[in-house]
Amino acid sequence: MQSFRRLASSSEAPPPADGHLPSVATSKLLRQNRDQALRTPGLRWTDEVEPGLAGNIVGGRETRKMNTYQSVRDALSTVLSKDDTAVVFGEDVAFGGVFRCTMGLSEEFGRDRIFNTPLTEQGIVGFGIGLASMGHTAIAEIQFADYVYPAFDQLVNEAAKYRYRAGGQFNIGGLTVRMPTMAVGHGGLYHSQSPEGYFMGASGLKIVIPRSPIQCKGLLLASIRDPNPVLFMEPKILYRSAVEQVPIDDYTIDLGKAETLIPGSDLTVLTWGTPVYHCETALHMLNTPPPGLADVIPQSLRGAKIELIDLRTILPWDMQTVVESVNRTGRLVIVHEASVTAGVGAEIAAEVQKRCFLKLQAPVKRVGGWDVPAALQYEKFNMPDTIRILDGILETLSY
């Protein structure tokens, strides 16, 4: 009997080297060739005279293969070369930074424009506020989003209120604060947090979280040029894992606009940052269940058409796109890495149930981190993985 079992198990075909399921590296959401990259929805070329005229022709534009941290560097280089008032500062940025996002910039533009600061997040942001108030383009880096809390007072009580306090006479729109965010699976308590929810009530700030290199460059350039202070949070696991052909020309992507990545009619999945790719995998598993899950995914639900939306700008979030989608689908699942309690998803869920109440066919479902600190061990159990997202989708579809 044992020899028969060994024979039966050895006769099964091994899985492919890259697995049966899509990953970040194989995601269909990433634009891997030049034509796809140049035709990314929402790109605004800064050398256009008028959108839609000859300047919008993409025939003469070039792209270069970049991962996310390289696209950050490309955006910073673009700003520094065009704006003489722009400076980049933070802990270790003159050496390239922990994630190499500022590699070589100090040699290219000088130590007076790319420089290190002491280990004081409150001081970094306060210094940036002062620079921006004097008309400079101040690009600050907080080494990890987990370290932003000492700067909370400067961001919420000073940066967010500056224009209002001055009656519109002064502003610090030149301030952008970059920071790596979200988890990688082993960062522990102080290198894995997603703090965007803490700033949701800070009227006057904008919060942006990109999902890919093309998005990162366009959104970062738009954030730096926006007339409001912006917190730009970069999912650290995507620094190297997400790779695209990125246009080398100067372009922006509008803030405050979500993007529908996959159209659908039965349920809306709303997310941002790293979970975009977990959601893509969950949709693949729903439509084509692996053998181990085939028994728990009803045949009647496998053909469900799910709409996937990347929110991109967290504050102010694109209420119009989300509400329009939920009014069509009647169901909403919100996915984020931060804890569910009082997270961004709570605010969105409250607004959606108010505006879509008569169209909802199921309660709004939130899938997020558990209400515990990021663990020193088993951190991935705290993250909303593909299985938890799939379970939330099934529960909402079956309601």
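The numbers here are math on the coordinates, done by the rules we state, and not lab data. All values derive from a computational prediction rather than experimental measurement. So basically every Cβ, Gly included, is an ideal-geometry build from the backbone, and we count neighbours across all protein chains shown.
Descriptive notes on the structure:
- Checking the Cα-Cα distances for Lys236/Lys257; Lys236/Lys359; Lys206/Lys354; Lys236/Lys365 against a 30 Å cut-off, the pairs over it are Lys236/Lys359.
- Between Gln122 and Arg64, residue separation times 0.36 nm minus the direct Cα-Cα distance comes to 17.2 nm.
- Measuring nothing but how far apart in sequence close Cα pairs (under 8 Å, 6+ apart) lie, relative to its length, the stretch 259-398 scores a relative contact order of 32 percent.
- All Cα-Cα separations within the stretch 78-180 were binned at 5 Å from zero, giving a P(r) of 3, 14, 24, 24, 18, 11, 5, 1, 0, each value a whole percent of the pairs.
- The distance linking the stretch 171-197 with the stretch 62-80 is 20 Å (Cα centroid to Cα centroid, whole angstrom).
- Whole-angstrom gap from the stretch 107-170 to the stretch 228-264, using each part's C-alpha centre: 22
- Rg(Cα)/(2.2 N^0.38 Å) for the stretch 259-398, N = residue count: 1.00
- For the chain, a simple Cβ point-charge model (Lys and Arg +1, Asp and Glu -1, everything else neutral) yields a dipole of about 720 debye relative to the Cα centre.
- For the pair Asp92 and Gln320, a Förster radius of 41 Å applied to the C-beta separation gives a FRET efficiency near 0.50, rounded to the nearest 0.05.
- When each of the peptides 25-35, 289-299 is scored by how many other beta carbons lie within 10 Å of its residues on average, the order from highest to lowest is 25-35, 289-299.
- Pairs of alpha carbons in the stretch 138-261 separated by more than 22 Å make up 37% of all such pairs.
- Across the chain, the mean sequence separation of Cα contacts (distance under 8 Å, 6 or more residues apart), normalised by length, yields a relative contact order of 17 percent.
- FRET efficiency, 1/(1 + (r/R0)^6) with R0 30 Å, evaluated for Ala25 and Arg328 via beta carbons: 0.40
- Taking only the Cα atoms of the chain, the ratio Rg/Rh comes out at 1.00, with Rh defined as the Kirkwood radius.
- More than 13 angstrom apart: percent of Cα pairs within the stretch 345-399: 66
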